[in-house]
Amino acid sequence: PALGMVPTDSAYVSITPGSPYVLGIVSHGVKNEMTLALSPADAAAKGAPVWTKFVDVDDQITNAAIMGHEMWLLTHKDAPRFKMLHLDLDHPDIAKADVALPPSDLVVKNLSTAKDGVYIEAAQGGISHLLRIPYGKNSTTVALPFAGAIEGFSTDVQQDGALMRLAGWTEAPQWYAYAPAGDKLTNTQVEPLNPTDFSGITSVEVTAPSADGTPVPLSIIYKKDLPMNGQNPCLLEGYGAYGLNIDPGFDATRLALLEKGIVIAYAHPRGGGENGEDWHLAGQKLNKQNTIGDFIACAEYLIKQ
């Protein structure tokens, strides 16, 4: 009752092996920002949790992960592209949290704790990056095999490393395992490789100037030998709402269009999350016309180019 939930809220409990605390998560309808509460793990195990709220919607936290007595949180408060905070759970005062990963030109999307450190999924221009912060040390970048998107991302606090599913517009998805010992990323071969041959297809990431001059990200997929003569049909799709993205992803059925010389393009207008929280808000409510104008700008770019 102390959390003040309403019927449109959803509640979850997250348990981290080896931590003396369990995390209570309250999500609020379509908001990305959450409310968080802690309870001692033994009290929760006995069916009598004692919840202490320490994060509310105004803190603008969208993700959190625990390791032992410590927690890492993602927030867009004073950081439109997000930053990562670090908190001592024995004294869970969000106002005293320290910045573990400051804001940069990367949009930070996800975080997860492993035995060896915190793993962070970030993106720039829709292309994924993977960062690693060993506990008590500075962040490093994990080299990925191609420019694409991290579609699945998992760690275990009882094991070193991370597991991730990578895919691109022309690269079929595969699961890779990262081992910090040796800084090695290995294809697990656990998912059979899609046999569709995309070797004759390419993709580019560009920006199209919107009506107010804002550069709008645009992904374009087409045959490598396609003559740019203005005679090619194009299928343009876009999405700009709720801070969600259309990330690079593989779809074998696209080849039926691409091999016939049809261009496939994805607009990333304001309202989505490609450029962080400011990008989301710039296409929301009274700013919704930006979303429509951005999509039209991408169509005009394709016609001109």
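The values are calculated or read from the model by the stated rules, or taken from the named source; none is laboratory data. All figures in this text were calculated on a predicted structure; none of them were measured in a lab. Note: ideal-geometry Cβ built from the backbone for every residue, glycine included; neighbour counts use all protein chains shown. Heads up: the accessible areas ignore ligands, DNA and RNA and are worked out on the full protein's heavy atoms, side chains in. Shrake-Rupley method; radii C 1.70, N 1.55, O 1.52, S 1.80 Å.
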Reported set for region 263-292 where residues are under 13 Å from LEU218 (Cα atoms) and within 15 Å of the chain's Cα centre (by Cα) is HIS268, GLY272, GLU274, ASN275
When region 110-121 is checked residue by residue, the ones that are closer than 16 Å to LEU166 by Cβ and buried (at least 23 other Cβ atoms within 10 Å of the Cβ) are TYR119, ILE120
Of the residues in region 100-138, those that are touching a residue at least 60 places away in the same chain (Cβ under 8 Å) and polar (S, T, N, Q) come to THR113, SER128
Going through region 16-42 in order, the residues found to be part of a loop (DSSP other than H, G, I, E, B) and either on the phi > 0 side of the Ramachandran plot or touching a Pro at 6+ places or on another chain (Cβ under 8 Å) (or both) are GLY18, PRO20, GLY29
Condition set outside any strand (DSSP E or B) and of a type outside the set (Asp, Glu), scope region 198-225, selection most open to solvent (accessible area, probe 1.4 Å): answer is LYS224
Filter region 133-174 for residues that are in a strand (DSSP E or B), touching a Phe, Trp or Tyr at 6+ places or on another chain (Cβ under 8 Å) and open to solvent by 30 Å² or more (accessible area, probe 1.4 Å); the one that is nearest to ASP88 (Cα to Cα) is PHE153
Residue set HIS76, HIS129, HIS86; condition open to solvent by 40 Å² or more (accessible area, probe 1.4 Å) and modelled with pLDDT of 95 or more; output residue HIS129
Taking region 43-64 and keeping residues within 24 Å of LYS96 (Cβ to Cβ), among the aliphatic types (A, V, I, L, M) and open to solvent by less than 60 Å² (accessible area, probe 1.4 Å) leaves VAL55, VAL57, ILE61, ALA64
Checklist entry - Do we have any residue at all in region 283-296 that's aliphatic (A, V, I, L, M), open to solvent by 10 Å² or more (accessible area, probe 1.4 Å) and farther than 17 Å from GLY213 by Cα? => result yes
Considering region 1-29, residues that are surrounded by fewer than 14 Cβ atoms within 10 Å (Cβ to Cβ) and either farther than 18 Å from ALA43 by Cβ or without any contact (Cβ under 8 Å) to a residue 12 or more places away in the chain (or both), and then whichever is farthest from the chain's Cα centre (by Cα), we arrive at PRO1
Checked region 89-104 for anything surrounded by fewer than 21 Cβ atoms within 10 Å (Cβ to Cβ) and more than 18 Å from LEU23 (Cα to Cα); matches are ALA95, LYS96, ASP98, VAL99, ALA100, PRO102, PRO103, SER104
Of those in region 175-197 that are touching a residue at least 40 places away in the same chain (Cβ under 8 Å), assigned to a loop (DSSP other than H, G, I, E, B) and in contact with a strand residue (DSSP E or B) (Cβ under 9 Å, 6 or more places away or on another chain), the residue least open to solvent (accessible area, probe 1.4 Å) is PRO180
Tell me, yes or no, whether region 58-69 has at least one residue that is closer than 21 Å to LYS109 by Cβ and outside any strand (DSSP E or B). yes
Of (1) at pLDDT 95 or above; (2) surrounded by fewer than 22 Cβ atoms within 10 Å (Cβ to Cβ); (3) in contact with a helix residue (DSSP H, G or I) (Cβ under 6 Å, 6 or more places away or on another chain), GLY243 satisfies every one except (1)
